[in-house]
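J.: Here's a structure for you.
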Amino acid sequence: MDGLIEVLTQFLKDLFSFDQAHPLLFTQFYFWAFFAIVLAFLSFFKNKVLLRNVFLFFVSLFFYYKTSGLFLILLGFVIVYNYLAGLLLPHCRKKFWRSFVVVTSVVVDLSLLCYYKYAYFITDVLNNLFGTSFVVKDWIASWGNSVVGSGVFSVDSIFLPVGISFFIFQAISYVVDVSRGAAPRSLSGAEGPGGVSTPLTNRVEGPNKHKGGIEPVRNFLDFGFYLSFFPQLVAGPIVRAKEFIPQLHKPFFLGRTQFGFAVFWILNGLAKKLILSDYLAVNFCDRVFENPLLYTGFENLTALFGYSLQVYADFSGYTDIATGVAMLMGFYLPKNFNSPYKAKNAGEFWKRWHISLSKWLQDYLYIPLGGYIPLGGNRNGTFGSYAIILGIAFLASALAGSWWVFGSVLVLTAIIALLIAFKKSWRKELISDINRMDTMLLGGLWHGASWNFMIWGGLNGLGMLIYRFWASCNAYFKVLVIGLIVAAFGALRHFFPAPVFNMFFWWTVIILFGAFIGMLFHKIKKGKVVSWISGAWAVLMTFIFITFTRLFFRSGSNLDPAEANEKAWSTAKNMVNQIGGQWDWSLVPTMAWQHRSIILVFIIGMLIHWLPDSFKRRYRIWFAKMPMALMVIACAVAVFIICQFITADLQSFIYFQF
């Protein structure tokens, strides 16, 4: 009897304890046991909406505790604070007070994000600017120790709470949307129960009128459930209240076809994560990025392309699993990926990749940068349009200890400002371009607190702007321009030999080849074959460009924030030196054979990714509607295959760190 009690006690201790080294992951058996229990309890009161929502709210809190430990307190604070802010907004009669509540809420939310995510970044900037030697200390943890009277919390470093960027952005979107739908209480109203005046109108004044406006969530448990829903809590997608809150009041429904789709998305996500992402990471990519100088240029380039597939399979795999898990509980999450490596330009890529973040940046950053909201982000410039790009250039220069970046951006911004002021015909396009660049730079900083992420965001913004210019040029001018660029890089690599010039020379040669073929196609009558070749070439060039930017993205990831800036830049520089250095081509076939499994997995993964959408849709529907007995067999086979790729140490999802 004592032994049984001891085993039970240990089980309960393990169940309710947090292990930082082993957070709760979708790829763990423990998670699926946990989820099976959740579904079992859910079946008892699935049609009792209130009980279902309360149950899932507390389940979500438990899930976050098992993922992030005492950072659950932080999530709780964000829930309570933004819930109260949302309730307060409809009571603000004047626009000033509504704006005050929104700004205060956004400042509080972003302050928490900055404290946990950007403390090292800000400290590095201050130390480089003023020659100080500030050291990061977790003051919140220190305050916690003083409250509990012991050294429970570590104060020597600040740990990033899992998923903080996602639930903070979700909270901000909620408050802003409530402010857009908020209206002052009517001065004359009907008497409600208990003599309380109820509003007769729901009026929104002037610029506050916005189609994205919503009513505040009155029930605290509903709001808490919305902000903490566990399938998407730690890595998105970022869910809007107007998309999710209405689902809380609908009775549970899971048809036979919906069940089939849910199972498909879960298996699809697990296959992406374990067969593609983890296999590429553990067996090759992580090793190369850890020490690029130990590997040849061919291996560095292979790892870079492998990482492009790895990060997509990892992040979209999480989204697929989250979509399936949510669907089994009767909830639907928005689409977050749409075959991004089918994009024909950088702008289209960002309409297909992390769609919820791209839409968030568009609605809450790009459009407001245009000033008066209905005009959008491409008609008016604001002070913020210039301040953001100059501020980020200033930060990059401070981190680098060199002011040429800031000086160059300052001069360029001044020239653009003059053109906007005096060249009215260019005004709309130039302001639109500035706001696009601002959005991508801030999107880069959202991903991480190092200047590698700023470079990554800036390159994506630059890619968008270059494509807009490129698309407006005729075929002959394209060949001329890219030919001059090739000649320039050829001269640079000859007179100033450097791997980076060599790398860009060969890249631009490839682009010149495509431009020349495009010029030839321009002379002949276009047909389906020509259009297909042109589209495939655009997809390939975009994929190469996005893969190159991943060099800076990956170099800034998976690093201790205390050393992120220095080590990230060193990794990126070493990889460029290896890729752009001299290759021994006689060794390439041998190395390709040695890494044949990696290359094969990469090729298969990309071919599946590039399958036509119509074909993918057909096999999803076929799976969802197959007889239950056949589906069980298919699931068993899929799980068996997936298990063959499981590594000894399960890899966390990449976007947990963001």
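J.: Please find, among Leu75, Leu87, Leu39, the residue that is at pLDDT 90 or above, touching a Lys or Arg at 6+ places or on another chain (Cβ under 8 Å), of a type outside the set (S, T, N, Q) and in a helix (DSSP H, G or I).
T.: Numbers: Leu75 fails: touching a Lys or Arg at 6+ places or on another chain (Cβ under 8 Å); Leu39 fails: touching a Lys or Arg at 6+ places or on another chain (Cβ under 8 Å).
Result: Leu87 is the single residue among Leu75, Leu87, Leu39 that is at pLDDT 90 or above, touching a Lys or Arg at 6+ places or on another chain (Cβ under 8 Å), of a type outside the set (S, T, N, Q) and in a helix (DSSP H, G or I).
J.: A further question follows. Could you tell me how many of the residues in the range 81-102 are basic (Lys, Arg) and either surrounded by 18 or more Cβ atoms within 10 Å (Cβ to Cβ) or free of Cβ contacts under 8 Å to residues at least 60 places away in the same chain (or both)?
T.: Number of matching residues: 1.
J.: As an exercise: evaluate Phe45 against (1) part of a helix (DSSP H, G or I); (2) touching a Leu at 6+ places or on another chain (Cβ under 7 Å) and give the number of the one condition it does not meet.
T.: Single failed check for Phe45: (1).
J.: Would you list the helices (runs of 4 or more DSSP H) that sit entirely within the range 591-658 and hold 2 or more residues that are under 19 Å from Thr302 (Cβ atoms) and open to solvent by 70 Å² or more (accessible area, probe 1.4 Å)?
T.: Helices (runs of 4 or more DSSP H) meeting the threshold: 596-609.
J.: Identify, please: which residue in the range 420-477 is open to solvent by less than 30 Å² (accessible area, probe 1.4 Å) and not in a helix (DSSP H, G or I) and is, among those, modelled with the highest pLDDT?
T.: The selected residue is Cys473.
J.: Collect the residues in the range 611-625 that are over 15 Å from Trp265 (Cα atoms) and of a type outside the set (Gly, Ala, Ser), keeping them in residue-number order.
T.: Leu611, Pro612, Asp613, Phe615
J.: Tyr332: surrounded by fewer than 23 Cβ atoms within 10 Å (Cβ to Cβ), in contact (Cβ under 8 Å) with a residue 40 or more places away in the chain and not small (Gly, Ala, Ser), yes or no?
T.: When the stated conditions are applied, Tyr332 passes them.
J.: Suppose we filter Arg617, Arg596 for residues that are farther than 30 Å from Tyr295 by Cβ, out of contact with any His (no Cβ under 8 Å at 6 or more places or on another chain) and charged (D, E, K, R); which single one remains?
T.: Answer to the check: Arg617.
J.: A further question follows. Among the residues of the range 48-66, how many are in a helix (DSSP H, G or I) and open to solvent by 60 Å² or more (accessible area, probe 1.4 Å)?
T.: Looking only at that region, the number is 3.
J.: Tell me, which helices (runs of 4 or more DSSP H) wholly within the range 213-318 include 3 or more residues that are within 24 Å of Gly330 (Cβ to Cβ) and open to solvent by less than 40 Å² (accessible area, probe 1.4 Å)?
T.: Working: elements: 220-228, 230-233, 241-248, 256-271, 286-290.
Fully inside the range 213-318 and qualifying: 220-228, 230-233, 241-248, 256-271.
J.: In this structure, does Gly236 turn out to be small (Gly, Ala, Ser), touching a residue at least 12 places away in the same chain (Cβ under 8 Å) and at positive phi?
T.: Working: small (Gly, Ala, Ser): yes; touching a residue at least 12 places away in the same chain (Cβ under 8 Å): yes; at positive phi: yes.
Yes: the conditions hold for Gly236.
J.: Report yes if Gly69 is modelled with pLDDT under 80, of a type in the set (Gly, Ala, Ser) and surrounded by fewer than 18 Cβ atoms within 10 Å (Cβ to Cβ), otherwise no.
T.: Criteria not met by Gly69.
The values are calculated or read from the model by the stated rules, or taken from the named source; none is laboratory data. As the structure is a prediction and not an experimental result, all values here were calculated from the model. All Cβ positions, glycine included, derive from the backbone under ideal geometry; neighbour counts span all protein chains shown. For accessibility, only protein heavy atoms count, side chains too; no ligands or nucleic acids. Shrake-Rupley method; radii C 1.70, N 1.55, O 1.52, S 1.80 Å.
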